[in-house]
Amino acid sequence: MKSDIIHVENVSFGRGLNSLRVRFTIMIGVACLLISWLMEYWLESQGGPVTHHLGGEGFAVIGLATFAAAALTYFMTGKLTRPIENLKASAEAIAKGDYDALVTVDCNCEVGGLADSFRKMVARLNDNVAKINTLAYEDGVTGLPNRAVLDEVIQNLPETSGYVMFIDLDRFKQVNDIYGHQIGDTLLRKAAQRMLVEGLEMNSDHFRNCLTPDQIPVSDHECRLLFRFAGDEFVALILGDDDQAYVTALATRIIGLMNEPFVIEDRSIQIGASIGIVSFADRPANALEIIKRADLAMYEAKKQGRGRIAFFDEAMRLSAINHAELERDFPAAIAHSQFVVHYQPKISMSDGAICGLEALVRWRHPTRGLLYPAQFLPVVGSIGALDKIGREVMHTAACDIRLLRDKGFSQRISVNVCPTQFADDAFARNLIGFVTSLGVEPKDFQLEVTETIAMTDVDKANEHLTALRAAGFEIAIDDFGTGYSNLAQLTKLPYDCLKIDRSLIADIAHSHNSRTIVMAVVNMAHGLGHKVVVEGVEDAEQLNLLRMIGCDVAQGYFTGRPADLASITRLLATSDKSATSVPVALSA
């Protein structure tokens with residue numbers, strides 16, 4: 001229901017003729033004069049002029065009585081209107097935001113009753129305001145001030161020394177997924193309390209004093225503020241101290257505290273923390289940018305292996321700018337087909353012939369030139385668009401398979417599967433349909449699934465790989481030796497090839513241990529009936545050793561660099577398939 005609000009402007013409430021005192025005084029004066037006139041009329045009706053009965057003195061008495069009555073009324077109504085004026089002053093003070101204004105009316109009259117009702121209304125209003133402030137500025141789970149308070153504090157903080165810590169709890173999502181949000185919320189409360197009391201050494205009273213509005217003691221070394229930023233992220237402000245060694249020790253203590261188990265409902269839960277730190281000395285013109293810089297430093301700490309501390313530096317800022325620019329350019333890259341596919345040859349160890357190609361994506365950027373996967377895939381992954389890249393690569397590879405077939409070459413092309421694709425329950429069904437719609441067959445492809453992806457959900461991996469293999473795809477477990485290396489689980493998965501990661505062979509020519517490990521992996525794979533592909537072959541010595549160990553297929557810069565389709569087509573046309581050592585392809 002719509003209500004009309006009438007705004008009254010330029011009205012002098014309680015003044016002049018709008019005053020109750022003036023109105024009552026005028027009313028009494030008029031009433032007295034009216035009574036006098038009635039008396040005059042009555043006396044005249046009794047026979048004779050009024051002056052005969054009253055005389056001049058009578059009129060004087062009547063005038064004096066009228067004035068006295070009006071004055072008495074003015075005085076008495078003042079007694080009545082004064083509490084109303086006090087009530088009005090209190091209401092205006094509250095309207096201006098002073099919710100603690102006292103209602104100074106104390107009488108047993110109706111106005112006193114109104115004032116008592118007004119006091120109850122103000123108390124209820126204050127209670128509601130307190131609840132609103134709690135909801136708006138206090139985190140409902142931990143009781144800490146929230147991001148809105150942090151933003152206000154940062155923006156209004158004067159020039160000061162100190163640091164901003166961005167604290168992220170490691171493995172918290174796993175706790176939520178395994179135990180549920182109720183346990184997760186309890187963990188957040190306990191973690192916040194532990195960080196505040198034991199880590200920052202702040203009790204609740206001292207913390208509230210440090211967060212007093214309009215007068216945060218920026219030079220007080222004892223003031224260390226903690227805020228719930230979002231999810232499992234917290235921000236600490238260490239004010240008034242520019243000693244990097246001190247703040248490092250403080251952050252180290254917090255990480256140690258977070259590494260200690262939390263006992264919740266008889267469960268011992270282990271998490272951790274990664275911390276990014278930025279100095280107020282690096283404070284940018286936009287005050288809130290300092291939080292972003294601390295966040296960047298935190299992600300750098302996570303890259304180093306979690307449970308680490310990282311200080312913000314200029315390289316992080318430039319990396320963030322680069323990330324933002326590539327993220328901005330990505331939609332146009334998809335729309336204008338800027339992603340291209342290069343192919344790296346795979347060489348059979350038995351005869352040196354090219355026995356397959358791996359599709360490797362490149363971004364032909366209009367201003368930056370040709371970008372390699374390491375330069376843009378982290379950006380694409382951060383915006384959840386890896387599946388778009390995957391479809392682009394698969395589509396291009398299917399077209400190139402047809403082109404190679406038209407020229408008389410039949411090569412199986414390996415395509416990497418990204419984690420987001422594999423997580424889709426309908427991945428296998430959709431991929432089979434997509435490949436068929438492109439005019440090629442599943443047997444024309446080898447799908448490379450990293451060991452880490454396959455081990456994340458073994459049951460789902462088994463379901464996907466079984467369906468894909470049944471459709472005709474060849475399956476390779478990629479990057480073996482960098483992930484879980486859970487041999488018991490790997491034996492349960494359906495696959496054709498085991499692809500040994502380059503890190504295992506980097507030192508194979510000089511390390512007996514490396515040779516022993518690779519030999520064990522090759523023997524295991526062959527015992528399970530799988531071929532072995534080794535990547536990262538960089539020289540002839542590595543190649544010869546891997547051939548002697550028994551690897552089936554080699555791939556690397558020594559055996560053939562990635563190239564566009566035209567170059568690969570020429571290479572296939574000139575390859576000597578009868579070669580028993582290093583063919584033409586190996587030096588391409």
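Ignoring ligands, DNA and RNA, please state the percent of accessible area on segment 382-482 from carbon and sulfur, probe 1.4 Å. C and S atoms contribute 49 percent here. Quick check: Cα centre of segment 431-507 to Cα centre of segment 371-421, how many Å? One Cα centre to the other: 15 Å.
Extension gain for residue 406-residue 306 works out to 30.9 nm (0.36 nm per residue, less the C-alpha to C-alpha distance).
Taking only the alpha-carbon positions of segment 506-576 and ignoring solvent, what does the Debye formula give for the base-10 log of I(q)/I(0) at q = 0.12, 0.21, 0.25 Å⁻¹? Each listed q maps to, in turn, -0.39, -0.90, -1.09. Taking all C-alpha pairs of segment 320-479, those more than 25 Å from each other amount to 34 percent.
Accessible surface area normalised per residue over segment 246-360 is 44 Å², counting heavy atoms of protein chains with a 1.4 Å rolling probe. The peptide list 190-200, 508-518, 298-308, put in order of mean Cβ contacts within 10 Å with the highest first, becomes 190-200, 298-308, 508-518. Here the accessible area is traced with a 1.4 Å probe on the protein chains. For segment 324-369, carbon and sulfur cover 53 percent of it. Rolling a 1.4 Å probe over the heavy atoms of the protein chains gives segment 136-196 an accessible area of 47 Å² per residue. In this structure, the pairs whose alpha-carbon distance is over 29 Å, taken from 303/388; 302/492; 302/531; 346/407, are 302/492; 302/531. Ligands, DNA and RNA left out, the 1.4 Å accessible surface of segment 504-543 is 56% carbon and sulfur atoms. According to the square roots a ≥ b ≥ c of the eigenvalues of the Cα gyration tensor, what is the shape class of segment 439-530, taking rounded for a/c under 1.5, prolate for a/b larger than b/c otherwise, and oblate for the remainder? Since a/c reaches 1.5 and a/b is larger than b/c, the shape of segment 439-530 is classed as prolate. Along its first, second and third principal axes, ordered by size, segment 411-466 spans 32, 22, 18 Å in Cα coordinates. Hydrodynamic estimate: the Kirkwood radius of segment 396-442 over Cα pairs, inserted into Stokes-Einstein at 25 °C and 0.890 mPa s, corresponds to D of 207 µm²/s. For segment 435-440, backbone phi angles converted through the Karplus equation (6.51, -1.76, 1.60; θ = phi - 60°) give residue-by-residue couplings of 4, 4, 5, 8, x, 10 Hz, Gly and Pro being listed as x.
The values are calculated or read from the model by the stated rules, or taken from the named source; none is laboratory data. No experiment lies behind these values; they were computed from the predicted model shown. Cβ sites come from the backbone with ideal geometry, for glycine too, and all protein chains shown count toward neighbours. Each accessible area value is taken on the protein alone, full model and side chains, heavy atoms only, with ligands, DNA and RNA left out. Shrake-Rupley method; radii C 1.70, N 1.55, O 1.52, S 1.80 Å.
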